[in-house]
Amino acid sequence: MTIRQYFAKIAGKYKSGITSGQSFREDLKILIEDCAPDVSVIENPAKSACTSPDCIITKRNVPVGYLVIFHIDKPLDSQGDQKALDLLKRSLSNLMLTNHLEFHLYRDGIFVSSASIAEVKNGEVISRPGDHPSVEILIKGFSSYHRVAINAAFMLSRALAREAQLLASVIERSIIQDEKKRKNQHYKPFKLTLKEQLTDISIVLKNDISAKELADIYAQTISFGMFAARLYGGSALAEFSRQNAYELIPSSYSFLKKLFQYLAGEDLDDRLIWIINELSYLFRTMDLAAFMGNFSESARQSNPVIHFYKDFLDEYNPTLLKERGEIIADEPLVRFMIQAVSDCRSSIQSGSTDHDF
């Protein structure tokens, strides 16, 4: 489908009285896949949830970008929950916003460029043929994005903190969404709510914990557990996913093992799947040997893991770092991380890639 053909379809539907975004979505999918034949546009099962993109752009089953879609008859800048959008922009490395006519591209929270096919004026979609080539270039650039390799601790702490913030938001808003549904007397749940599923894993012992506190605890635990699993995988690990993250975590760390069994399984809440996958793809970009060398050499204290965790907290939530101070060194998860880094460093130095857990 060419840009001209896409415009004709959109304008024709709009003229007939169709204005809902869903009716235009298939045309947009075809346009993107025709502009960039090596990618697929996948509907996000969590698109109705808060702080989630509508579509995931994949190449060979690996996400390369995310798409958020708004109503066609309003300017793009005037739509959406700005707080949620700002979080998506800074957390996802390649994000495009569109109302089917305008396209705005963001990389790591920074606005890159925009282009427009047409505008709605006096109840009619008016084409901008001179801008059509710019739209095609923008879509091709968006679809051909390559993640920057992570080879230093400061790069990972920043990227991991941003994705952990997004994960915490998804968990918190999903819990609140469930609680609102539960208040509806006609609502009949067919499975446990997300809060019930997470509480059942028993990492959190308090029953009266708020959605925000619960989300914060799990976002940090999942992020650092994923990091630890990646370290245990070693530099020879060909692929990394939420499924083999579970396999890589030693059984001796039972609370993490149980959590990652849930993350790897079929019962994982649909609203979490995309962000857990995104988190695992972040670790695919690691040059582990280079990272470990820089990780140890750049540490400003004897234990690089404690230093890394403090850097992570400073990016994730500076208030937490100030409140918790030096006590983080005694946390079970951090102690686990210390051992994981030590084992990984020994494995890399010896050239071994096999682990006996």
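The values are calculated or read from the model by the stated rules, or taken from the named source; none is laboratory data. Not measured: the values here are computed from a predicted model. Quick reminder, even Gly has a Cβ in these numbers, built from the backbone with ideal geometry, and neighbours come from all protein chains shown.
In table form, for the structure just shown:
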{"item": "Looking only at region 129-158, and only at residues there that are among the small types (Gly, Ala, Ser) and over 17 Å from HIS307 (Cβ atoms), the one that is surrounded by the most Cβ atoms within 10 Å (Cβ to Cβ)", "result": "SER143"}
{"item": "Options HIS132, HIS186: the member that is more than 20 Å from the chain's Cα centre (by Cα), more than 27 Å from ILE32 (Cα to Cα) and modelled with pLDDT under 90", "result": "HIS186"}
{"item": "Residue count for region 23-42, restricted to those that are over 23 Å from the mean Cα position of the chain (by Cα) and over 16 Å from THR2 (Cα atoms)", "result": "1"}
{"item": "ALA264 vs. criteria surrounded by fewer than 20 Cβ atoms within 10 Å (Cβ to Cβ), in the same structural domain as THR193 (by TED's automatic domain parsing), more than 19 Å from ILE56 (Cα to Cα) and out of contact with any helix residue (DSSP H, G or I) (no Cβ under 7 Å at 6 or more places or on another chain)", "result": "no"}
{"item": "Count of region 241-261 residues which are crowded, with 20+ Cβ neighbours inside 10 Å and not in a loop (DSSP other than H, G, I, E, B)", "result": "7"}
{"item": "Number of positions in region 1-37 that are among the acidic types (Asp, Glu) and free of Cβ contacts under 8 Å to residues at least 24 places away in the same chain", "result": "2"}
{"item": "Matching residues in region 30-84 - criterion: being in a helix (DSSP H, G or I), modelled with pLDDT under 90 and of a type outside the set (Lys, Arg)", "result": "LEU76, ASP77, SER78, GLN82, ALA84"}
{"item": "Condition met for VAL125 (out of contact with any His (no Cβ under 8 Å at 6 or more places or on another chain), assigned to a strand (DSSP E or B) and crowded, with 21+ Cβ neighbours inside 10 Å)", "result": "yes"}
